[in-house]
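These notes concern the structure reproduced below.
The values are calculated or read from the model by the stated rules, or taken from the named source; none is laboratory data. Everything numeric here is computed off the predicted structure, so don't read it as measured data. Virtual Cβ from ideal backbone geometry, glycine too; neighbours counted across all protein chains shown. Side chains included, ligands, DNA and RNA excluded: accessible areas come from the protein's heavy atoms. Shrake-Rupley method; radii C 1.70, N 1.55, O 1.52, S 1.80 Å.
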Amino acid sequence: MSVSVKTFPHLADAAGALSRERNARFLGGGTLVMRAVNEADPAIETIVRSTDPALTHIGLSSARVELGAGVTMAAILAERELSYLHPVARIIGGPAVREAATVGGNLFAPAPYGDFAAALLALDATVTLAGGFGQRELPLDELLSRRERGATLVASVAFRRPANDTFRFVKVTRVHPKGVSIMSISAQLPLASGRVSGARIAYGAMGPAPLRAKAAERALEGRTLDAAGVAPALAAAHEGTSPTDNALGSAWWRREILPVYLRRLLLGEQTARHA
Amino acid sequence: MLEFRKDIFADERDDNLHEIGQPTQRQDMLGHVTGTSPYYDDHRFGNLLHLKILRSPHAHARIRSIDDSAAARAPGVKRIIRAADVPVNLNTLLSLIQFGKDDEPSLAADVVRYKGEPILGIVATSERAALEAMALVRISYDQLPAVFDVEEALKPGAPSVNATYPKNTFEYYNKYDHQKLRYGDVEAGFAQADVVFEDRYQMSPIEHAPTETNGSIAVPDTNGRFIVYTSTQALFFSLDTSAKINAVPSNQLHFIGGTVGGGFGGKVDTLTEPLSILAARLVGAPVRYRFSRHEEMQFGSPRGGERIYVKDGIMRDGRIIARSVRAYFDSGAYTRLSSYAVVKCAAHIPGPYTIPNVSGDVYCVFTNRTPATAMRGFGVTALDFALECQMDKGATAIGMDPLEYRILNAYRDGDMKAHRREAKNTALIECAQVAAEKANWPLREEFRRMSSRKGEGTARPGIAPDRSRAPAVPAPARAPAAAPQRISYERPTPAALPPRPAPPAPPPRSAPLPPATAPAGSTHGAPRFSSVFGTRRR
Amino acid sequence: MKTPIQFLLNGEEVATFVESGANLLDTLREAVGDLSVKGGCWQGTCGTCTVLVDGSPRLSCLTLAESCAGRAIETTAGLRRGPDLHPLQSAFMERFAAQCGYCTPGMLMAAKALLDKNPNPTRENVVDAISGNVCRCTGYEPIINAVLDAAGGNSRRA
């Protein structure tokens, strides 16, 4: 009847419990799991938690960033070295939500949530999974495209530190700042001699999970970030997307506004707060 | 900063404002900032049980069968409450003032008429236990055609929503399917007008979304009475409604209102008390029925959507000489208070303007939507939105400044209103003039000199006969120009009122009190509602 | 199944048993009897239930009670010191920053979280601090002004 709660000091043991217990869910910050428990969701009978310090660890080197899956949005905002991620963390919920919402939780947040996961996609992140078998690493987009719930426990995410001023983000929402996203667009736009080299673009809320806009990325390769240069990318903006209707807006409308916001982001006309 | 324009209408009142304009602290503000203001839920009981309601997933369906046996046996469940358990399972809120026929069940018996309509109650030791039991209930439905649009609902052949009002409109005086206002001849006015246009205005249903959801806790007290802590805005109204539905004398219920955590009209429908009381009676323990946030947003009654058509006939000099309004209230599946909203709407036509030809038709329509209720001036605010948009359009159509257009057409004292009452104490002109001054909105001199008082300022141009067109519209009878002293609103002299009956002598203490049955034809509850029944005190 | 839990509530040691999986909101109101914490949505969308846990604002409806073992929790009931109101409480009164009062406890705690860390906030800081709290009555301006007033008192006292 009531859910049972199992807490483990080591993440690997939590992973074991997750696969062993019936209808078990891992508790990150609680923004999704506790709501479901409050609503007596029958899909959750066991809450699995871990107090493993690795979960809240932020590892910063000159080239690489590693974020424990339990790192909160508030912790990211408190870390000056992660300032390029601040526009993303800042628009997730209000201050109290940011004290709870975790990197790991965002990876499993159903659309239209998951803006932080989309940003990590644009940063080419990999995830490290914890399990009884030990840890294994896989690209984030592989995890997202086949999101296994329940038995998958993410220990951390990692990505190469983006070059200065190459990461951009916009959240499109009706209610600023904490309204749910109509969509979000994250982009990493490295330049070589003024031309785009190896762009990554990711969308939130334009499909069942955050997704990479690979056609737009290819269309940007070698181009300049001006009106003419970004035009082919805008023409390819929709490829791979499958937006749906919801209470915030229709799929049609999302398709209409996507290239508008992508254009503004690529041309640098938009900041995260003015979607 | 508050500014008082005491120069305006200065001769009509004493300059003795003691309260208006002075900040006065709320008596409950200390409670609010210390977290001690008592809301209905701020009571703890050792043995509190929880009532959760199973609701219809369909907008319109016949209930074929209900199997709640597994739910009844589920852990923590104390009682399942079914339609047959409700002593009086058909009610309408305004039956308390004998306005309207009972049309709404507390628990649907055979047909559900809106998505979210209550069907079963589950009383359990925790909300979780009640929700888990609810998942075990099996109900089979035959879905029925549904209608969600007010005009569609009035077309012949539309699905019949409400069994008490099968034609999908409320009945006024047991005869009329809408409220009607007629003054002058709008068709003649339109024929004479220089410009005629009509537009359609549509409001969405609006959810109050209070931070505190609807809820109540019913607690068995001594002597078979029940104490009810409730979020209601309408304490005695809810008490009487609950007494009727539970078929108990009202003195068996002791209602204690909490500070209302946001009402705005959304806590007048007595949504939770009848069933929390019934549950407490059936299980003999305190029972809380608390709306979840989802229930509040989705099934708590909204201000109903309204569709309003306004057609104006305007002369080139700016006078509106004809206005016709056709309005449809979306009451949802049941009447609740929409019947009254329609009366208010009809009373508000054509807005604060003197128009010699006015027609109003206002319908209270039933659809398979969530039943609507009061909110912030329901019946009037939406109409004002429509009328004021229409005023702006009218001004644009004839190339007149929108504020001057309003000043020109505004009521003045002594004007005859479409409801055949004389306008008194009007002040729209002065308000518009001050607003223009504050907004640096230029007004022509003649409009700055206009006045709400008869015989002052520049009089409105009379209606010039136009012999080239349809027969001239006769000018409405005008009251003779009044002296500068305004006419005060006269109270009826005592002789005009019927004598009050002497109160009956109280029965001797030893005799048992007679059962509280209302004598036939008595006015139960509040005094008669003159605007509803058409009786006029003057 | 009941789990024991101990924590500090407004500076006092509290110990109680909670149903496993219980949230902090229900625990504070029903097990401990602190009715100054209010519930508005039980979904984490309205902020009404905001409390401080080790100085950080948290939504008590989404916080697993057991995760607060040993922590310091602050609620509106603990704001005043005897007869003396907290500056935020006085400021809310003076600025008429409440009507129905239901969002007020959550607003006060969100504001306290801000002022405890940033005694001289800008208006934008204040707006951000209460951006997770819904008010249906005041239109927010009186609340923002009250928080700035209370902070202004800080710079006067400094």
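Side notes on the structure shown:
- Antiparallel bridges, percent of DSSP beta bridges restricted to the protein assembly as shown (to nearest 5): 80
- Going from the isolated chain to the complete set of protein chains, the range C:67-103 loses at least 50 Å² of heavy-atom accessible area (1.4 Å probe) at C:MET93, C:PHE96, C:CYS100, C:TYR102.
- Shape of the range B:248-295, Cα gyration tensor, a/c cut at 1.5: oblate
- Heavy-atom accessible surface of A:LYS178, to the nearest 10 Å², is about 60 Å², with a 1.4 Å probe and all protein chains retained.
- Heavy-atom accessible area ranking, 1.4 Å probe, most first, across B:MET203, C:MET1: C:MET1, B:MET203
- Accessible surface buried at the C:A interface totals approximately 1900 Å², computed with a 1.4 Å probe on protein heavy atoms.
- Per residue value of the accessible surface for the protein assembly as shown (all protein chains in place, 1.4 Å probe), Å²: 44
- At R0 = 35 Å, FRET efficiency that the Cβ-Cβ distance of C:GLN6 and C:GLU141 yields, to 0.05: 0.30
- Charged neighbours of B:ALA135, selected by a Cβ distance under 14 Å, balance to -2 (K, R count +1; D, E count -1).
- Solvent-accessible ranking of A:LYS214, A:LYS6, A:LYS171, B:LYS180, largest area first, probe 1.4 Å: B:LYS180, A:LYS214, A:LYS6, A:LYS171
- Environment charge of B:GLY116, counting only residues whose C-beta is closer than 12 Å and scoring Lys/Arg +1, Asp/Glu -1: +1
- Interface burial for C against B (accessible surface, 1.4 Å probe, total of both chains, Å², rounded to 100): 2500
- Alpha-carbon Rg/Rh ratio, for the range A:4-50, with Rh computed the Kirkwood way: 0.95
- Members of the range B:229-272 that become less accessible by 40 Å² or more once partner protein chains are added (1.4 angstrom probe, chain alone as reference): B:PHE264
- Alpha-carbon gyration tensor eigenvalues x 5, square-rooted, for the range A:167-274, Å: 23, 15, 11
- Of all accessible heavy-atom area on the protein assembly as shown, the percent that carbon and sulfur account for (1.4 Å): 53
- With all protein chains modelled, accessible area of B:HIS18 [1.4 Å, Å²]: 150
- 13 Å cut-off, amide nitrogen to a point 7 angstrom out along B:CYS389 Cα→Cβ, residues in the range B:185-202: B:198-202
- Exceeding the 30 Å Cα-Cα cut-off - candidates B:LYS267/B:LYS417; B:LYS175/B:LYS424; B:LYS6/B:LYS180; B:LYS52/B:LYS175; A:LYS171/A:LYS214: B:LYS267/B:LYS417; B:LYS175/B:LYS424; B:LYS6/B:LYS180; B:LYS52/B:LYS175
- Simple spin-label estimate for C:LYS117 and B:LYS101 gives 6.2 nm between the two label positions (7 Å along the Cα-to-Cβ direction from each Cα).
- Both radii are taken from the alpha-carbon atoms of the range A:25-138; with Rh as the Kirkwood radius, Rg/Rh is 0.96.
- In this calculation the C-beta distance from C:PHE17 to C:ARG80 is compared with R0 = 30 Å, giving a FRET efficiency of 0.55.
- List of the range A:1-29 residues, accessible area with partners at least 50 Å² below that of the chain alone (1.4 Å probe): A:MET1, A:SER2, A:VAL5
- Solvent-accessible ranking of A:VAL175, A:VAL33, largest area first, probe 1.4 Å: A:VAL175, A:VAL33
- Pairwise FRET efficiency - B:LEU48 versus A:SER145, Cβ, R0 = 56 Å, nearest 0.05: 0.75
- Proximal charge balance of B:ARG79 [Cβ under 13 Å; K/R count +1, D/E count -1]: +3
- Each of B:ASP67 and B:THR24 was given a label point 7 Å from its Cα along the Cα-to-Cβ line. The distance between the two points is 6.3 nm.
- With helices as the sole contributors, chain A gives -8000 deg cm²/dmol at 222 nm; each DSSP H run of n ≥ 4 counts as -39500 (n - 2.57), and the sum is divided by every residue.
- Each Cα pair under 8 Å and six or more residues apart adds its separation to the average, and for the range A:148-242 the resulting relative contact order is 18 percent.
- Nearest-10 value in Å² for the accessible area of B:ASP103, using the 1.4 Å probe: 10
- Estimated inter-spin distance, B:LYS155 and A:VAL260, nm [label 7 Å along Cα→Cβ]: 3.3
- Diffusion coefficient, µm² s⁻¹, Stokes-Einstein with Kirkwood Rh over alpha-carbon pairs of the protein assembly as shown at 4 °C and 1.567 mPa s: 40
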